[in-house]
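Novice: Got a structure for you, questions after.
The values are calculated or read from the model by the stated rules, or taken from the named source; none is laboratory data. Just so you know, these numbers come straight off a predicted model, no measurement behind them. Positions of Cβ are generated from backbone atoms using ideal geometry, with glycine treated the same way; all protein chains shown enter the neighbour counts.
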Amino acid sequence: MKSAEGRGRTLDEAVDVALIELKESRRNVDVKILSETAEETIVEVSVIDPNAPDHSIPAPANGKGEIARGLVETLLKHMGIRAQVSVRTGSEPITLDISGRDLGALIGWRGETLRALQSVTNVMVGRHLDEGERIIVDVERYRQRREHTVREIAMRAARQVKMTGDAITLDAMQPFERRAIHLALEGDPDVTSSSIGEEPDRRVVVGPRKPAAE
């Protein structure tokens, strides 16, 4: 079986490194996590033999969301976490809601643990997803609450930029948080927002909008 080792700061980065070497997509491989620390993740990515017996989880009638839900439930049990997992009705992309008591540790500082859980989920379910398709994992509607918070941060930053005329670089944020910032400010005629840096340290810069050239 053809395989490659990948290393990166995050699980996604490590898998992508191996996929580039193998020249394969996520739907055609299995991923095994060899090591995971705060500084580096190491994975082994193996190409699935199309002639080998298929032992993957069969897709149930209600589809990919149920596959992901079952895998996350199993993962949480192995982690010793008692929680309920459901597929959010009518959500696009597919979103899993995790609910229960005392789940703060599953979210982590600024959602870092939740982001890692989402990355693991997408790796585990990857072969069932279309190219570019992603599974969103949420805990007790954390993402919704966090989006509300970062929109308030965006408004405060915009007010300060208008007062001082100087650009502001915000703290590093997850992709969904940066998107909330951009959406909150896209209609403001006086400020602009842009993202700089590389994951996981990518940040939003809020600055004054330059007048259009006449």
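Novice: Being part of a helix (DSSP H, G or I) and at pLDDT below 85 is the filter here, so list the residues in the stretch 126-158 that pass it.
Specialist: Selection gives 126, 127, 128.
Novice: Identify, please: which residue in the stretch 45-85 is assigned to a strand (DSSP E or B) and at pLDDT below 85 and is, among those, farthest from residue 14 (Cα to Cα)?
Specialist: That would be 47.
Novice: Could you give every pair whose Cβ atoms fall below 6 Å, whose first residue belongs to the stretch 156-179 and is closer than 30 Å to residue 116 by Cβ, and whose second residue is surrounded by fewer than 13 Cβ atoms within 10 Å (Cβ to Cβ) and at pLDDT below 95, counting only separations of at least 6 or pairs across chains?
Specialist: So the pair list comes out as 172/201.
Novice: So, in the stretch 164-193, of the ones that are part of a strand (DSSP E or B) and aliphatic (A, V, I, L, M), which residue ends up farthest from residue 205 (Cα to Cα)?
Specialist: 191
Novice: Restricting attention to the stretch 124-131, does a residue exist that is farther than 30 Å from residue 99 by Cβ and surrounded by fewer than 17 Cβ atoms within 10 Å (Cβ to Cβ)?
Specialist: yes
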